[in-house]
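To start, the structure under review is shown below, and the notes come after it.
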Amino acid sequence: MLGRTLQEVSAALKQGQITPTELCQKCLSLIKKTKFLNAYITVSEEVALKQAEESEKRYKNGQSLGDLDGIPVAVKDNFSTSGIETTCASNMLKGYIPPYNATVVQKLLDQGALLMGKTNLDEFAMGSGSTDGIFGPVKNPWSYSKQYREKRKQNPHSKNEDSDWLITGGSSGGSAAAVSAFTCYAALGSDTGGSTRNPAAHCGLVGFKPSYGLVSRHGLIPLVNSMDVPGILTRCVDDAAIVLGALAGPDPKDSTTVHDPINKPFMLPSLADVSKLCIGIPKEYLIPELSSEVRSLWSKAADLFESEGAKVLEVSLPHTSYSIVCYHVLCTSEVASNMARFDGLQYGHRCDINVSTEAMYAATRREGFNDVVRGRILSGNFFLLKENYENYFVKAQKVRRLIANDFVNAFNSGVDVLLTPTTLSEAVPYLEFIKEDNRTRSAQDDIFTQAVNMAGLPAVSIPVALSNQGLPIGLQFIGRAFCDQQLLTVAKWFEKQVQFPVIQLQELMDDCSAVLENEKSASVSLKQ
Amino acid sequence: MLRWVGRGRLWTFARVDGGSCHRREAPTGSTSNWIRGQSSVAQQPLCMTQKPRKGEHKWAAVVGLEIHAQISSNSKLFSGSQVRFSAPPNSLVSFFDASLPGTLPVLNRRCVEAAVMTGLALNCHINKKSLFDRKHYFYADLPAGYQITQQRLPIAVNGSLTYGVCAGKKQSQVIPKTVRIKQIQLEQDSGKSLHDDLRSQTLIDLNRAGVGLLEVVLEPDLSCGEEAATAVRELQLILQALGTSQANMAEGQLRVDANISVHHPGEPLGVRTEVKNLNSIRFLAKAIDYEIQRQINELENGGEILNETRSFHYQLGCTMSMRDKEGKQDYRFMPEPNLPPLVLYDATSLPAGADPQQVINIDQIRETLPELPSVTRERLVQQYGMLLEHSFTLLNEVGLLEFFQNVIKETRAEPKKVTSWVLNTFLGYLKQQNLAVSESPVTPSALAELLDLLDSRTISSAAAKQVFEELWKREGKTPGQIVSEKQLELMEDRGALEQLCHSMMEAHPQVVMDLKKGNPRAINKLIGLVRKATQSRADPAMIKEILEKKLSS
């Protein structure tokens, strides 16, 4: 049961094959077993069991709230949850218990979902590995998969298994690990430059970043307000669409949500035919740093569309190469501003120093933030200084406009969706990952994802195949603004074609044999 | 209350004046020698600095104002918290006001309408698109670490404010003056810091944090304290007429900062200082005049003016350097990403089928503008034939115009009579006892009845004054009751009066002699004696007529 998709388990709940409480308990027990993954910062066991009980009553009375009723979900620890500690994996917010729910959290609860806990991340979502939070790094469940281990046995150079675990990617690595290890059926991430899509790609999941303005940010502790969107991590595209259906829509508490009526719910038709589709391949995304495996899968995917009758076009997004620098300036500037509120007065950490206000601020912030956060605050403030504002911030805003226009031009040329890699390569071992600093890593890892955030477009990472090492590789589809449904429909068709294998974690879950019930084999393998 | 302890605090406490000086804030003629205006040429500064001594240049002062008016609204600019003065500390604080992470601003429609209304009343161009920015600085009562304001593209620009400055020998001539308005911007108010020096702690009250403010920036077209005070008073009246701000300075709903410099006319402007902490119109005038004089003295003694922030010390009557900022602050302005551009419409740009709840129509607001003070004054002059300066007085005293109009409504007396009684007698009593119109013991109806008695010649003016004095004692009697109790009716019995005149003439032969010798003024003495004998109940004109008749016979 645990290995099933949200849609499948929802059907099982409706048919009474399993009760919400049983399901909740199975997930809780798996959360305990997989504690070493460090996916969760807080496990809200009591809350989840109580919600399960209520859900069970509803099912008994035939008053189910819908597809999400009784479904265990997890939420990244940068969404405010009423009465549940929300830390952003930072000393600054350790012990902070928000008095309100983020709109997306509230919507999940209103639909009957069970909140299993708050998931780990990079401090304030600043990172691409889920390695830089105060609660330690998240381990990628694929490190312990049969697929990966078997490949490693064949490799005589492989080192000690225990120290050679892989990162999840990030910053929503906890959410990705939680879904990937079957401890819940869907999780909320946040996506500012790729933080949902990147770990989805590394953990073999669907990672969806909705259009900016489609889903409320109220209660999401901001990284970059103008780019943040709540992201959705699931095991398949239909599941993402179900969750999106629950979350999307205008929120009076978020003035940047759009009021135009949107087709709801996001039911995805099964495309029988892609011959009317035009897929764009941005040539600028073919860069030397791209691993040959990813490049090859990317081109096979394009071939697949072409062979099924779709039009596949090479398109140009000419300002792509400026994107990451531009992102850096805008991101750090907003970070500098957003982090100003953490002064130790109203909430969160406060130092013991009370010589003066300024000394108290300085010590509080020094103790509360890690080097990454402090570094971004420093550079952001530099860019916002009166003497630098025109040369950095304003210029970056202009470049941002050019980048957004690149996408508009591509779509205006007749392209329906763009197909790109999500990441340069598959997940790397932690020890490998930390050889470079956070800034370098973020610049590398966000390379294919952050431009989408600057343009506000919807994008989804779809797991495609396993690499030679037995690790997942994802590809990204980018859609027109507010054409999220169309984007997911194409992604669903593609998902069906590639039949990505389910992670095999039997050793992890020896007494949860149910996972094997649902094992799928690759019918159309894109693997080399 | 949120509190934290800190010993060496470096902030100064912006005092909130609990006193009642706001009532007495009509500009008073300054006593300093340079402030009196000699020129009445419209665009020339009324107050040309000091009288130049021989061989010396004249100094001219340049004054610009930044005025913060708290918007009168039920809820705050970006949150649903209530706005109320003197509520228990931190009782009106939403999650957004406390800047809890993840909260977002939601613009209050009422505040936008108030800004548009104010902009229109001040002849501004209303920007159909305006933007919000973040202004960053660390301060304990600014929980987010930034204030949301409109730095780049404010909601209204390029307006003007016309006000009248009193001049002439008795300050009875009103000279119209105009100050240009650079812009009006919407922004958030901060919370309040209360410093407890004894315990070395600071208490933070966030009730005010996030209340909507209109920042009105005046161009430096003013040249002295009196001009500034009069301009601010006019703005205050306009805001109150519009209802966009209660503009009560004592409650901090209207706060003024003044930028002041002096120079020799024709030469570049001097270095300016900013004077803060001006919490009444009287102090505003005083502070500006003090600062101008200080700068002149400084420069004449070979000193230099520092570009600094100064605070007005109302007890000492002087400005003092605040020294609160070490070096210049860089506010690191940035667009507010959580608020889309504020778009306003007019009749021509309004999209068809737009939801009226979601759009603001400038033309519609223009139609609802109430009568502005300048129009009210003109109407008073036209309608009641009063002098312009009387209309100024009527508007300047809170509630006086309404009182006046209520009296007018209920009395048959001539408007001129009413004006005179309200402005001289009534206002005189109020001022003497330092009372507001609302605290007056005499109601408009009572005064109206009194004026009717006077008008119908039931009582004499002198008796009327007596009745008024009785009314002021608040004994609950009507003017009619007082008149009959005190027997103040005019003596109607001509025979009796003739008798009285006759006996008075007989009792004072010397005066009669004087008169007959050709001293016509001696008759006044007789009139006075007769009036006294009637307890002022007789009409002096009638007494005079009788006396003259008897003398000539």
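A few points about this structure:
- From the options B:L350, B:L316, residue that is assigned by the TED database to the domain that holds B:N297, over 27 Å from B:G168 (Cα atoms) and in a loop (DSSP other than H, G, I, E, B): B:L316
- Scanning segment A:345-377 for residues being at the interface with chain B (Cβ under 8 Å from one of its Cβ atoms) and under 20 Å from A:Y96 (Cβ atoms) gives a total of 6.
- Residues of segment A:102-115 satisfying the condition of being surrounded by fewer than 24 Cβ atoms within 10 Å (Cβ to Cβ) and within 13 Å of another protein chain (Cβ to nearest Cβ): A:Q106
- Of all residues in segment B:302-310, at least one satisfies being among the hydrophobic types (A, V, I, L, M, F, W, C) and in the same structural domain as B:G164 (by the TED database).
- Annotation note: of B:V375, B:V343, the sole residue that is closer than 18 Å to B:T118 by Cα, within 14 Å of chain A (Cβ to nearest Cβ) and out of contact with any Gly (no Cβ under 7 Å at 6 or more places or on another chain) is B:V343.
- Residue in segment A:171-194 that is touching a Lys or Arg at 6+ places or on another chain (Cβ under 6 Å), within 28 Å of A:F482 (Cα to Cα) and part of a loop (DSSP other than H, G, I, E, B) present: yes
- Residue within segment B:111-130 that is within 14 Å of chain A (Cβ to nearest Cβ) and under 19 Å from A:H218 (Cα atoms) present: no
- Filter result for A:F407 (more than 30 Å from B:R199 (Cα to Cα), in contact with a helix residue (DSSP H, G or I) (Cβ under 7 Å, 6 or more places away or on another chain) and part of a helix (DSSP H, G or I)): yes
- Among the residues of segment B:474-527, those identified as in a helix (DSSP H, G or I), within 30 Å of B:V442 (Cα to Cα) and among the small types (G, A, S) are B:G480, B:S484.
- Flag for A:C184 being surrounded by fewer than 24 Cβ atoms within 10 Å (Cβ to Cβ) and not small (G, A, S): no
- The residues on offer are A:A427, A:A465, A:A491, and the sole one that is part of a helix (DSSP H, G or I), at pLDDT 95 or above and buried (at least 19 other Cβ atoms within 10 Å of the Cβ) is A:A491.
- Hey, B:K431 within 23 Å of the chain's Cα centre (by Cα), of a type in the set (K, R) and in a helix (DSSP H, G or I) or not: yes
- A single member of B:R366, B:R332 is among the basic types (K, R) and within 14 Å of another protein chain (Cβ to nearest Cβ), and it is B:R332.
Quick grid of which residues meet (1) within 14 Å of chain B (Cβ to nearest Cβ); (2) under 21 Å from the mean Cα position of the chain (by Cα); (3) surrounded by fewer than 24 Cβ atoms within 10 Å (Cβ to Cβ):
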position: A:C203; (1), (2), (3): no, yes, no
position: A:R217; (1), (2), (3): yes, yes, no
position: A:I232; (1), (2), (3): no, yes, no
position: A:P252; (1), (2), (3): yes, no, yes
position: A:S255; (1), (2), (3): yes, no, yes
position: A:C278; (1), (2), (3): no, no, yes
position: A:I281; (1), (2), (3): no, no, yes
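- All positions within segment A:327-338 that are more than 8 Å from every other protein chain (Cβ to nearest Cβ) and over 22 Å from the mean Cα position of the chain (by Cα): A:V329
- Residues that are under 13 Å from A:E334 (Cα atoms) and away from every other protein chain (no Cβ under 11 Å), drawn from segment A:378-391: A:L378, A:S379
- The numbered conditions (1) in contact (Cβ under 8 Å) with a residue 12 or more places away in the chain; (2) surrounded by fewer than 24 Cβ atoms within 10 Å (Cβ to Cβ); (3) under 26 Å from A:G169 (Cα atoms) are all true for A:N78 except (2).
- Qualifying position, being within 14 Å of another protein chain (Cβ to nearest Cβ) and closer than 30 Å to B:D133 by Cβ, among A:Q397, A:Q450: A:Q397
- Exactly one residue out of A:G133, A:G170, A:G112, A:G129 is touching an Asp or Glu at 6+ places or on another chain (Cβ under 8 Å) and over 24 Å from A:D445 (Cα atoms), and it is A:G112.
- Of all residues making up segment A:403-451, the number that are closer than 21 Å to A:S321 by Cβ and either in contact with a Pro (Cβ under 8 Å, 6 or more places away or on another chain) or polar (S, T, N, Q) (or both): 16
- Of all residues in segment A:2-28 being touching a residue at least 24 places away in the same chain (Cβ under 8 Å) and among the small types (G, A, S), the one that is surrounded by the fewest Cβ atoms within 10 Å (Cβ to Cβ): A:G16
- Qualifying residue in segment B:392-403 (condition: touching a residue at least 60 places away in the same chain (Cβ under 8 Å), loosely packed, with under 14 Cβ neighbours inside 10 Å and either assigned to a helix (DSSP H, G or I) or under 17 Å from the mean Cα position of the chain (by Cα) (or both)): no
- Entry remark, segment B:136-154: residues being facing chain A (nearest Cβ under 10 Å) and not in a loop (DSSP other than H, G, I, E, B) number 2 in total.
- Residue within segment A:290-306 that is within 14 Å of chain B (Cβ to nearest Cβ) and not in a strand (DSSP E or B) present: no
- The set of residues in segment B:56-77 being in contact with a Ser or Thr (Cβ under 9 Å, 6 or more places away or on another chain), crowded, with 22+ Cβ neighbours inside 10 Å and either part of a loop (DSSP other than H, G, I, E, B) or free of Cβ contacts under 8 Å to residues at least 40 places away in the same chain (or both) consists of B:I71, B:K76.
- Within segment A:234-245, not a single residue is in contact (Cβ under 8 Å) with a residue 12 or more places away in the chain, within 14 Å of chain B (Cβ to nearest Cβ) and either buried (at least 24 other Cβ atoms within 10 Å of the Cβ) or outside any loop (DSSP other than H, G, I, E, B) (or both).
The values are calculated or read from the model by the stated rules, or taken from the named source; none is laboratory data. Small disclaimer: the values here were computed from a predicted structure and weren't measured. With ideal geometry, Cβ positions are generated from the backbone for all residues, glycine too; neighbour counts draw on all protein chains shown.
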